[in-house]
Amino acid sequence: MTTNLRIAIVGGGPGGLMLARLLQMRGVAATVFERDSHADERPQGGSLDLHAETGQRAMALAGLEAAFRAAARPEDQGDRLYDASGRLLFDRDGSGDNRPEIDRTVLRQILLDSLDPGIVRWGSKVDAIEPAAAGGYAVAVDGLPEHFDVVVGADGAWSRVRPLLTDAVPIYEGATLVEFGFDTARHPAVDALVGGGKMFAVGDNRMLIAQRNGHGHIRGYAGLRLDEAEARRWMEMAPQAVRARLRDAFVGWAPALTDLIDSGDFIGVRPLHALPVGLSWPTRPGVTLLGDAAHLMSPFSGEGVNLALADAADLAEALVSPAEWEAVAACEATMIARAVPAAEGAAAGLEVTLSSDGVNAVLDHYRERVAA
């Protein structure tokens with residue numbers, strides 16, 4: 001392939017922006033279509049830990065390792081585990097680990113700052129993507145089509161690009177998280193509960209999670225099993241109605257833990273979905289996927305953004321390869337295989353954590369990590 005390709009990247013999350021950055025370094029000015037009207041239009045999620053062989057490697061390839069290190073928080077790699085009574089079962093500060101945390105918003109801004117002006121088209125929700133008669137694809141925004149040689153789906157769970165390659169859709173995993181936010185200055189008890197990283201409190205098919213973010217913020221999550229119809233109803237409820245349902249679900253838990261439900265700023269209801277593990281598709285010249293669009297999984301493996309960044313690094317190299325779509329086909333096979341153990345781990349982690357014996361399974365997992 002040549003550097004005069006017109007490449008459309010649908011989705012301006014970390015994976016799509018990393019691909020744009022790496023292509024820019026190779027002399028290819030891709031276009032990123034992002035539905036948000038600006039970078040701060042909506043919350044971008046909580047803290048992420050970047051792993052050496054995937055996320056950190058991609059940042060180094062993109063020439064952004066120094067910016068990442070300056071913003072990362074290696075001090076926030078700890079883990080705590082409580083049972084429903086509030087008893088602390090496990091406490092590890094994480095010192096010596098090489099998975100430093102960084103806020104998703106900060107990571108995204110580092111990538112945005114590395115791109116030339118005009119590469120990201122804000123407020124551009126893609127309406128349709130159709131094969132063009134002369135080859136390539138027509139990408140339509142507000143009904144106005146524009147021709148591209150290559151379209152990359154970096155647009156997450158409900159990708160508009162994925163249907164060009166497969167009819168697979170995300171499947172509800174039977175569990176839902178309710179997300180809350182905390183300012184540590186206003187919530188010193190939550191601050192103390194979390195410690196230097198993240199905490200889990202696990203009981204009978206229920207869990208509470210809180211994770212330290214940058215700038216004095218903490219993200220909290222209440223997780224439980226709901227059928228899909230009920231999860232959808234919760235998404236339509238007022239915040240106080242959701243809190244009332246959660247109070248009923250967590251009756252008997254220690255007040256220090258249920259304070260996460262009562263005192264946090266309500267952010268949203270998040271039903272958990274995943275694509276089939278090992279999802280593959282026939283290579284189709286002119287269109288491909290990366291990140292959650294290719295291998296969506298629950299957050300219980302901690303691999304989602306790392307896989308997206310690694311996918312972008314491999315795909316950038318393939319898209320400028322003289323081997324053309326043979327290289328992309330090999331890249332797709334690599335990203336699919338790489339995601340399988342992470343997806344299996346995420347599914348297993350969710351299954352054992354939200355179970356009648358979840359706290360013991362999580363404790364065993366933490367002890368195994370220390371032993372390794």
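Some points to look at:
- Long-range neighbours under 7 Å by Cβ, at least six apart or interchain, first residue closer than 16 Å to Gly195 by Cα within region 81-106, second in a strand (DSSP E or B) and among the aromatic types (Phe, Trp, Tyr): Leu81/Phe90; Leu81/Phe200; Leu88/Tyr82; Leu89/Tyr82
- Test: residue in region 317-336 that is among the polar types (S, T, N, Q), buried (at least 18 other Cβ atoms within 10 Å of the Cβ) and either in contact with a strand residue (DSSP E or B) (Cβ under 9 Å, 6 or more places away or on another chain) or in a helix (DSSP H, G or I) (or both): no
- Listed here are the helices (runs of 4 or more DSSP H) enclosed by region 204-312 that have at least 2 residues being in the same structural domain as Ala323 (by TED's automatic domain parsing) and buried (at least 22 other Cβ atoms within 10 Å of the Cβ): 292-295.
Conditions tested, residue by residue: (1) in the same structural domain as Ala361 (by TED's automatic domain parsing); (2) over 21 Å from the mean Cα position of the chain (by Cα); (3) crowded, with 17+ Cβ neighbours inside 10 Å.
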position: Glu65; (1), (2), (3): no, no, no
position: Asp91; (1), (2), (3): no, yes, no
position: Gly94; (1), (2), (3): no, yes, yes
position: Asp103; (1), (2), (3): no, no, yes
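- Hits in region 211-231 - residues which are of a type in the set (Lys, Arg) and within 19 Å of Leu354 (Cα to Cα): Arg225
- Restricting attention to region 97-123, the residues being over 14 Å from Ala20 (Cβ atoms) and among the hydroxyl-bearing types (Ser, Thr, Tyr) number 1.
- Residue list for region 1-48, restricted to those being under 15 Å from Thr105 (Cβ atoms) and in a strand (DSSP E or B): Ser47, Leu48
- The numbered conditions (1) more than 28 Å from Arg87 (Cα to Cα); (2) within 22 Å of the chain's Cα centre (by Cα); (3) not polar (S, T, N, Q) are all true for Ala210 except (1).
The values are calculated or read from the model by the stated rules, or taken from the named source; none is laboratory data. Just so it is clear, the structure is predicted and the values come from calculations on it, not from any experiment. Cβ sites come from the backbone with ideal geometry, for glycine too, and all protein chains shown count toward neighbours.
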